[in-house]
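Report on the following structure.
The values are calculated or read from the model by the stated rules, or taken from the named source; none is laboratory data. Bear in mind the structure is a predicted one, so any value in this text is a computation, not a measurement. Glycine gets a Cβ as well: all are built from the backbone with ideal geometry, and neighbour counts include every protein chain shown.
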Amino acid sequence: MKKSKTLLLALFSFASTTLLAQQQNNWTWGGPLDPEQAKYDVKHYTLRLAVAPQQKRISGSVDVRVKVLEPTDLIRLNLIDAYTVDAVKVNGKKAGFTRTPDGLDVQLRKKVQPGQVVTVQVGYAGLAPEAVRPPWQGGFTFAQDANGKHWVGLSSQNEGAKIFMPCKDHPSDEPDEGVTQYITVPAGYVAAANGLLQGQTQQNGSVTYHWQSNYTTNNYGINFTVGDFVALQREYTTIEGNKMPMVVYLLRQNESKLPELMDVLETSLRTQEKYFGEYPFWKEKAGVVETPYLGMEHQTINAYGNKFRFTKVGQTTHDNLLYHELGHEWWGNKVSVRDWADFWIQEGLCSYGDWLFVEEHAGHEAYLKHVQQVARSIPNRTPIIQRENMDSDEAYHGEIYTKGAHVMHSLRFLLGEELFFKTIRGFLSSPAHTYANQVKTADLQQYITEHTGQDIAPFFDLYLRTTEVPEVLVQKLGADSYAISIPNINFALPMDVQTDTGTQRLTLSKEPQQVKSAAPPLVDAQGWYLKRIRTEKGTL
């Protein structure tokens, strides 16, 4: 009997754990914007949270300050059902609310008109959802370091911020006026978060860290990490001459790694700035914190879990994970998409920056070789942009990284070196497309066309919205004559054609172009385009 009861309990525990794990990984965000949430714009979040690592709980309150855009008598927020809401206030006065699936509707005393500002405070507590495969299936990661100390990470890119705070969980709305965090942890621990540390306050057995960021921040970029950290700070001068702190937080057991990782961070910053302009958040910091999962681009406090697996690119010590997450400060944090259908802008352009590190530190030939190697691994099965109003799960797949980066590689050839980089840096410095102004692919496309004079719509349509690639047809006409065309597309592309007399750049289209060569011509031998090449015998 005892064995049977134990077995039943074990099975029940396993089933419950499995169900909970499934529940914790079905969250997503984005998609069509809820009409009720379209009635307001989030201006600021203030988090006052206590983290209890031993109990795996969080508790406290969040203030959501909003500006009303349409007449409304309720504020609809997102917050997962794992938390119990114990109190709600509107502008400091107790308010009624209704719990909805993974959310709550807060009643206003009267209909509020456009332009008015409302602050909703939500008090809540509960067991924090644990990540199963962070950061891809996110949540809280409750771990211990080698010394047995608590180590708590948080990842929410695919789930949204509702897994740890009440919010408007949609990529189209970021807090324009920033985020304030008061994170309380057991004494002896550090809470590293976004922005600048304003101070810390000791209480009975605990310490509260006050962090302030005045930049707009996407929901999943709001973050805190708790651990037995030691920190190293160094001053950095940006490419525009502004000074800011670089700060690295590592577990105490890895304190000896601080100087080397700081050097890697500085080299990474200088390389990113060369191609993409000044670090976007220099008024606060460039920060890195060691996490119990691989990494994520949390604004000004990038998660780092690559375990110091440095490589050499040319003669330069490099950490690809750190460099990639840092690149998201430009692509993902400064430039953010308002529809996950355009996820490729964040991941593809950031990944292209990874390729540029190879070029900067190992040379152009190494860059081309690297791109060719990546291109061979692109399956080209799923369009990068499938439709509008996608949620994070629907939009996320590997090709938004690799093929998205390759689109930029091709665009560089299409526009020419100087114009390409000038245009990309211009987009990154455009107030209409950065910080609080989220973008879509149409915005990037329009900007490029307006600033280059080239209509790239057919190019984007082909590579972003289909899985088709140009099929280059090389027809042998005679002993030393060939015709080259691209019959399956309705626009022209410049491509280098190598013959026995040298390399010439031809504008290829449906119309065949004749070239003289004793040997078969090589089309786009350097691999600037994803394409297929077909040869056949033609007729004069």
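Residue pairs, Cβ under 6 Å, 6 or more apart or interchain, first in region 407-435 and farther than 18 Å from SER351 by Cβ and touching a residue at least 40 places away in the same chain (Cβ under 8 Å), second surrounded by 15 or more Cβ atoms within 10 Å (Cβ to Cβ) and among the aromatic types (Phe, Trp, Tyr). List them.
Close Cβ pairs satisfying both conditions: HIS433/PHE427.
Considering region 92-139 alone, what residues qualify as being acidic (Asp, Glu) and within 27 Å of the chain's Cα centre (by Cα)?
ASP102, GLU130
Please verify whether ASN223 is buried (at least 23 other Cβ atoms within 10 Å of the Cβ), farther than 22 Å from ASN147 by Cβ and in contact (Cβ under 8 Å) with a residue 12 or more places away in the chain, treating the condition exactly as stated.
yes
Test TYR236 against the criterion of being at pLDDT 95 or above, surrounded by 14 or more Cβ atoms within 10 Å (Cβ to Cβ) and under 25 Å from the mean Cα position of the chain (by Cα), and give yes or no.
Considered against the rule, which asks whether it is at pLDDT 95 or above, surrounded by 14 or more Cβ atoms within 10 Å (Cβ to Cβ) and under 25 Å from the mean Cα position of the chain (by Cα), TYR236 comes out as yes.
Identify all residues within region 399-432 that are under 19 Å from ALA457 (Cα atoms) and aliphatic (A, V, I, L, M); write none if there are none.
Scanning region 399-432 gives ILE400, ALA405, VAL407, MET408, LEU411, LEU414, LEU415, LEU419, ILE424.
Give region 486-509 a look and list any residue that's surrounded by fewer than 14 Cβ atoms within 10 Å (Cβ to Cβ) and in contact with a Phe, Trp or Tyr (Cβ under 9 Å, 6 or more places away or on another chain), or say none.
If the condition is that a residue be surrounded by fewer than 14 Cβ atoms within 10 Å (Cβ to Cβ) and in contact with a Phe, Trp or Tyr (Cβ under 9 Å, 6 or more places away or on another chain), then no residue fits.
For region 463-485, name all the residues that are buried (at least 16 other Cβ atoms within 10 Å of the Cβ) and touching a helix residue (DSSP H, G or I) at 6+ places or on another chain (Cβ under 7 Å).
TYR463, LEU464
For THR317, all conditions in the list (1) surrounded by fewer than 24 Cβ atoms within 10 Å (Cβ to Cβ); (2) under 11 Å from the mean Cα position of the chain (by Cα); (3) of a type in the set (Ser, Thr, Tyr) hold save one; what is the number of the exception?
Every condition holds for THR317 apart from (2).
Please go through region 38-78 and pick out each residue that is over 23 Å from the mean Cα position of the chain (by Cα), polar (S, T, N, Q) and surrounded by 19 or more Cβ atoms within 10 Å (Cβ to Cβ).
SER59, SER61, THR72
Given the residues PHE343, PHE310, which is the only one that is under 27 Å from PRO292 (Cβ atoms) and within 17 Å of the chain's Cα centre (by Cα)?
PHE343
To keep it simple, each residue is scored yes or no on (1) surrounded by fewer than 23 Cβ atoms within 10 Å (Cβ to Cβ); (2) part of a helix (DSSP H, G or I); (3) not assigned by TED's automatic domain parsing to the domain that holds THR441.
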| site | (1), (2), (3) |
| --- | --- |
| LYS274 | yes, yes, yes |
| VAL288 | no, no, yes |
| TYR293 | yes, no, yes |
| GLU325 | no, yes, yes |
| TRP355 | yes, yes, no |
| VAL371 | yes, yes, no |
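Within region 415-452, count every residue that is hydrophobic (A, V, I, L, M, F, W, C), surrounded by 18 or more Cβ atoms within 10 Å (Cβ to Cβ) and farther than 18 Å from GLU273 by Cα.
4
What do you reckon, is THR201 hydroxyl-bearing (Ser, Thr, Tyr) and in contact (Cβ under 8 Å) with a residue 60 or more places away in the chain?
No, not satisfied.
For the condition among the small types (Gly, Ala, Ser) and under 11 Å from the mean Cα position of the chain (by Cα), what is the one hit in GLY332, GLY353, GLY363?
The conditions single out GLY332.
Consider GLY148 against the criteria (1) in contact with a strand residue (DSSP E or B) (Cβ under 9 Å, 6 or more places away or on another chain); (2) modelled with pLDDT of 95 or more: it satisfies all of them except one. Which criterion is unmet?
(1)
Within region 373-416, track down each residue that is assigned to a loop (DSSP other than H, G, I, E, B), of a type in the set (Gly, Ala, Ser) and either closer than 23 Å to ALA492 by Cα or in contact with a Ser or Thr (Cβ under 6 Å, 6 or more places away or on another chain) (or both).
Selection gives GLY416 alone.
With (1) at pLDDT 95 or above; (2) assigned to a strand (DSSP E or B) as the list, and ASP34 as the residue in question, which single condition is left unmet?
(2)
Condition check: at positive phi, buried (at least 16 other Cβ atoms within 10 Å of the Cβ) and out of contact with any strand residue (DSSP E or B) (no Cβ under 7 Å at 6 or more places or on another chain). Does ASN380 satisfy that?
For ASN380, the condition - at positive phi, buried (at least 16 other Cβ atoms within 10 Å of the Cβ) and out of contact with any strand residue (DSSP E or B) (no Cβ under 7 Å at 6 or more places or on another chain) - is met.
For region 147-160, enumerate the residues that are part of a loop (DSSP other than H, G, I, E, B) and at negative phi.
ASN147, LYS149, SER156, GLN157, ASN158, GLU159
Answer yes if at least one residue in region 530-539 is surrounded by 13 or more Cβ atoms within 10 Å (Cβ to Cβ), among the aliphatic types (A, V, I, L, M) and more than 14 Å from PRO470 (Cα to Cα), and no otherwise.
The answer is no, given that none of the residues of region 530-539 is surrounded by 13 or more Cβ atoms within 10 Å (Cβ to Cβ), among the aliphatic types (A, V, I, L, M) and more than 14 Å from PRO470 (Cα to Cα).
Please verify whether region 124-144 includes one or more residues that are in contact with a Cys (Cβ under 9 Å, 6 or more places away or on another chain), modelled with pLDDT of 95 or more and surrounded by 15 or more Cβ atoms within 10 Å (Cβ to Cβ).
no
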